[in-house]
Amino acid sequence: MPQEARPTEKFRTSVGGQALMEGIMMRGPAKICCAVRRPDGTIDLTYDEVRTHWYNRVPLVRGVFNMVENLCNGYKYLMHSADISMTEEEQQAEESKLDRWLEEHTGPKFQNALMTLSACLGIVLALFLFAFLPTFLTGLVGKIIPMGRWPRVILEALLKLAIFLSYMFLCTRMKEIHRMFQYHGAEHKTIACYEAGEELTVENVRRHTRFHPRCGTSFMILVILVSIFLYAVLPWTSTALRVVCKLAMLPLVVGICYEILKWCGRSNSVLARIVAKPGLWLQHLTTFEPTDDMIEVAIAAVTPVLPEKPEDGRW
């Protein structure tokens, strides 16, 4: 395997994306393109327009709204990629009696509502794992081994990090998720190649690093780390009260992390590089080296969303 090149960026672009099942979604300043590899080897391309809203100009607030929007769009494109990438036989094998009944007896609105409910359940699971479970386990330990406030804070932080990293590691053990993380690597390499001012070819993209500071993975670990410091001031009078306070502070945590990530993306200072390090380390679990056909999909996804003038898409 050739060593990854790390060329100096000519500029930092606002173009970003998301890895999908056998595909990639790329978002530019004005357009969104979703590229998915069909079972016959061809690439399916679907397009959408980027919609701007009032909250995109409001610091802290925009972080929360953008996270919700990205979760909804990400889930929509993930389901789309699953439909496109599966053969008819696989679709029939995956389709349950309930799925067939829903298709026959319900409309698109009801099906979209079910998709929204599934996404909400995923959020609830994340809140349980990373907000409730560490606090609950710390409370149990505190009943067995009496400890003061700061030992509890430290123990809760260690448990939160351990649960998060274990969850990410277990995800990589799943074949489908591992392939999706390869597409994640293809996404990063393609954007890095574009930012270096090189022609988007498989050979050029292959040489670039799969680790990128402006990544959703960096946002996730930032939320974990920032929440550890902010939640340290919350009361420990009861587990339930602490969890409620953590949920109430979550929008603030998300807003702060979004602003930090934007600053890191624009700054090349020593402090910005230090803040970006945990996210880059975590990408060893969330990105893997892609195959050439995955890079082809990434190039197909990013090409339609690139601005005519690179300066129009600067971060």
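For segment 201-211, in order, what is each residue's ³J(HN,Hα) by Karplus, 6.51 cos²θ - 1.76 cosθ + 1.60 with θ = phi - 60°, in whole Hz (x at glycine and Pro)?
10, 4, 5, 5, 5, 4, 6, 8, 6, 8, 9
For segment 117-240, with all protein chains present and a 1.4 Å probe, just round the carbon and sulfur fraction of the accessible area to a whole percent.
Working: 4540 of 6020 Å².
C and S atoms contribute 75 percent here.
Given labels modelled 7 Å from the Cα in the Cβ direction, how far is it in nm from I145 to S269?
With each label placed 7 Å out from Cα toward Cβ, I get 3.9 nm.
Compare C257, C171 by solvent-accessible area with a 1.4 Å probe and give them largest first, with all protein chains kept in place. Spell out each step's value before the answer.
Numbers: C257 0, C171 25 Å².
Ranked list, largest accessible area first: C171, C257.
Can you give the accessible area of L170 in Å² (nearest 10), computed on protein heavy atoms with a 1.4 Å probe?
The accessible area of L170 comes to roughly 110 Å².
If packing is taken as the average number of other Cβ atoms within 10 Å across a peptide's residues, how do 65-71, 269-275 rank, most packed first? Don't skip to the end; give the middle numbers.
On the way: 65-71: 15.6, 269-275: 12.4.
Answer by packing, highest mean first, reads 65-71, 269-275.
Across 10 Å bins from 0, what is the distribution of all Cα-Cα pair distances for segment 156-315, in whole percents?
Calculated P(r), rounded to whole percents: 10, 31, 33, 18, 7, 1.
Which FRET efficiency value, to the nearest 0.05, do you get for L158 and T291 by plugging their Cβ-Cβ distance into 1/(1 + (r/R0)^6) with R0 = 35 Å? Mind dumping the intermediate values first?
Details: r = 37 Å, r/R0 = 1.06.
About 0.40, to the nearest 0.05.
Choose one of P235, F211, I274: the residue whose Cα lies farthest towards the positive end of the charge dipole of segment 154-275 (beta-carbon charges +1 Lys, Arg; -1 Asp, Glu; about the Cα centre).
P235
Can you list the residues, at least 5 places off or on another chain, whose amide H is less than 5 Å from the amide H of H208, using H built in the peptide plane?
Distant-sequence amide H within range of H208: A5.
Using Cα centres only, tell me the gap between segment 168-222 and segment 9-55 in whole Å.
Answer, in whole Å: 13.
Per-residue counts of other Cβ atoms within 10 Å, averaged by peptide: what ranking do you get for 245-256, 38-49, highest first? Show your work: numbers first, answer last.
Details: 245-256: 16.8, 38-49: 12.2.
In decreasing order of mean packing, 245-256, 38-49 become 245-256, 38-49.
Between their Cα atoms, which of K31/K175; K31/K262; K76/K262; K160/K277; K189/K262 are more than 22 Å away from each other? Spell out each step's value before the answer.
Working: K31/K175 31 Å; K31/K262 20 Å; K76/K262 25 Å; K160/K277 19 Å; K189/K262 20 Å.
Distance filter (> 22 Å) returns K31/K175; K76/K262.
The values are calculated or read from the model by the stated rules, or taken from the named source; none is laboratory data. The structure displayed is predicted, hence computed values, not measured ones. Note that each Cβ is placed from the backbone with ideal geometry, even for glycine, and that neighbours are counted across all protein chains shown. Quick note on the areas: whole protein, heavy atoms, side chains included, nothing else; ligands and nucleic acids left out. Shrake-Rupley method; radii C 1.70, N 1.55, O 1.52, S 1.80 Å.
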